[in-house]
Amino acid sequence: MNHEIGLDELEKKAWRTTFDDGIFDIYFGILIASFGSISLYDYLPVPLNVLFGPIIIGFGLTFFILSKKYLIKPRIGVVKFGPKRKVRKRRTMLVLSVNVVLLLILFLFNLSNVGGSINLPYLLEGLLFLTLPLCFVAYFLQYTRLYIYALLLGSGFFLADILSLIVPIPFNFLFIYLLFGGIIIIVGIIYLIRFIRKYQLPKEEIKKDG
């Protein structure tokens, strides 16, 4: 019994350190920035206007996979979580996927309907359809920084609406989501640098690379 409790505590600790490397932050920031690029749809030639967003997302996903494999795995190895964590992860991915679809729908809807005046319902929309679902994801993942990102993204449409008073539509959306994405990416880079400094490559790996 004590052995099972000890393993559970180790698993919890390993799970909490999953996001210490900042890789997910960088990927998430790229994902958010890609939504800003949707506002350029009418300003880019075909088929780049359709492919630009997926290309950025693909770049972010490639970065995530390669970084985990070549930067993180050699330093701390791979942790295989138990059934409970796997179920939690699957539920989280489902909520996150639905949330991404909602974000895209809301983005396109607001992009076509935003006027030049401040609209309070945009703030309520963002908090309801972005902040709340992302907070559920943060809870399931035990990823505390995501709560802050959720508040940022939830205010995005409202801030873009305010910015439309001085920045032409759709560049107000582009600015806001590039700004938010950039902030999240910078946070991720800071965590990644700290992680690399904390977990040095084993001497054998350094010799092989040399």
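Residues in the range 10-66 that are of a type in the set (S, T, N, Q) and surrounded by 14 or more Cβ atoms within 10 Å (Cβ to Cβ) were compared, and the one that is modelled with the highest pLDDT is SER34. Contact annotation: residue pairs with Cβ atoms under 8 Å, 6 or more positions apart or on different chains, pairing a residue in the range 119-134 that is under 13 Å from ASP161 (Cα atoms) and charged (D, E, K, R) with a partner that is at pLDDT below 80 and assigned to a helix (DSSP H, G or I), are GLU125/LEU106; GLU125/ASN110. Take the residues in the range 67-84 that are over 20 Å from the mean Cα position of the chain (by Cα) and assigned to a helix (DSSP H, G or I), then tell me which one is modelled with the highest pLDDT. Filtering first and then ranking leaves TYR70. When GLY126, GLY181 are checked against the criterion of being surrounded by 19 or more Cβ atoms within 10 Å (Cβ to Cβ), farther than 18 Å from SER37 by Cα and at pLDDT 65 or above, a single residue qualifies: GLY126. Filtering the range 136-170 to residues that are part of a loop (DSSP other than H, G, I, E, B) and more than 13 Å from the chain's Cα centre (by Cα) leaves GLN142, SER155, SER164, LEU165, ILE166, VAL167, PRO168, ILE169, PRO170. For the range 20-66, filtered to residues that are touching a Phe, Trp or Tyr at 6+ places or on another chain (Cβ under 9 Å) and not in a helix (DSSP H, G or I), the residue that is farthest from GLY188 (Cα to Cα) is LEU44.
Close Cβ contacts (under 6 Å, 6 or more residues apart or on different chains) running from residues in the range 168-193 that are of a type in the set (S, T, N, Q) to residues that are part of a helix (DSSP H, G or I) comprise ASN172/ALA160; ASN172/LEU163.
The values are calculated or read from the model by the stated rules, or taken from the named source; none is laboratory data. Everything numeric here is computed off the predicted structure, so don't read it as measured data. Heads up, the Cβs are rebuilt from the backbone with ideal geometry, glycines too, and the neighbour counts pull from every protein chain shown.
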